[in-house]
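The values are calculated or read from the model by the stated rules, or taken from the named source; none is laboratory data. It should be emphasised that the depicted structure is a prediction, and the values quoted were computed from it without experimental measurement. Cβ: placed from backbone, ideal geometry, glycine included. Neighbour counts: every protein chain shown. Protein only, heavy atoms only, side chains kept; ligands, DNA and RNA dropped before computing areas. Shrake-Rupley method; radii C 1.70, N 1.55, O 1.52, S 1.80 Å.
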Amino acid sequence: MNKFLVSNIGRLRLLAILEGLSLLGLVFVSVPLKYIFGITQLSSVLGPIHGILFLLFVFNTISVGTEYGWKFKETTWKVLLACIIPFGTFYIDLKILKPIHKKMGQ
């Protein structure tokens with residue numbers, strides 16, 4: 001866990017994972033509980049958490065992209081698009097963020 005907290009790219013990776021996990025929780029647990037069983041409490045908690053993680057991911061992507069000099073057309077737009085596509089943050093972490101993080105030796 002510490003490897004994620006020592007750099008901005010590491011924190012972005014952590015946000016990507018958390019955002020993806022929160023979406024998994026919403027789609028596969030919270031929404032079925034709400035619409036099949038009428039249990040809304042989890043949705044009312046997990047929904048805003050997912051929203052906050054989504055916004056943090058977007059803001060941190062822009063911040064990290066600026067800090068590391070990412071070219072928008074090459075990297076930044078792909079990372080931003082990942083949070084709009086369901087479970088895209090897992091893919092983008094594996095294909096873009098993790099290699100950059102490893103390359104930096106962190």
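How many angstrom lie between the C-alpha centres of region 86-106 and region 10-27?
13 Å
Would you mind telling me the share, in percent, of accessible area of the chain contributed by carbon and sulfur at probe 1.4 angstrom?
Answer for the chain: carbon and sulfur cover 70 percent of the accessible area.
Between Asn8 and Leu33, take the C-beta separation as r, use R0 = 30 Å, and let me know the FRET efficiency to the nearest 0.05.
E between Asn8 and Leu33, to the nearest 0.05, is 0.25.
Kindly provide the helix-only [θ] at 222 nm of the chain, computed as the sum of -39,500 (n - 2.57) over DSSP H runs of four or more divided by all residues, to the nearest 500 deg cm²/dmol?
Here the helix-only value at 222 nm equals -20500 deg cm²/dmol.
With springs only between Cα atoms under 10 Å, which of Leu94, Leu53, Leu14 fluctuates most in a Gaussian network model of the chain?
In this elastic network of the chain, the residue with the biggest mean-square fluctuation among Leu94, Leu53, Leu14 is Leu94.
What is the Cα radius of gyration of region 29-84 over 2.2 N^0.38 Å, N being its residue count?
It is 1.57.
Taking the chain as a Gaussian network, Cα atoms linked when under 10 Å apart, which of Lys34, Lys73, Lys95 shows the biggest mean-square fluctuation?
Largest GNM mean-square fluctuation: Lys73.
Given springs between every Cα pair under 10 Å in a Gaussian network model of the chain, which of Ser44, Ser22, Ser63 has the largest fluctuation?
Ser44
Explain nothing, just the number: relative contact order of the chain, from Cα pairs under 8 Å at least 6 residues apart, as a whole percent.
With pairs under 8 Å counted, the relative contact order is 36 percent.
So with the 1.4 Å probe, I'd like the accessible area per residue for the chain, rounded to whole Å².
Numbers: 6440 Å² over 106 residues.
Each residue of the chain exposes 61 Å² on average to a 1.4 Å probe.
If each residue of separation counts as 0.36 nm, what is the full-extension length gain between Ile49 and Lys103 once their alpha-carbon separation is subtracted?
Working it through step by step, the gained length comes to 16.3 nm.
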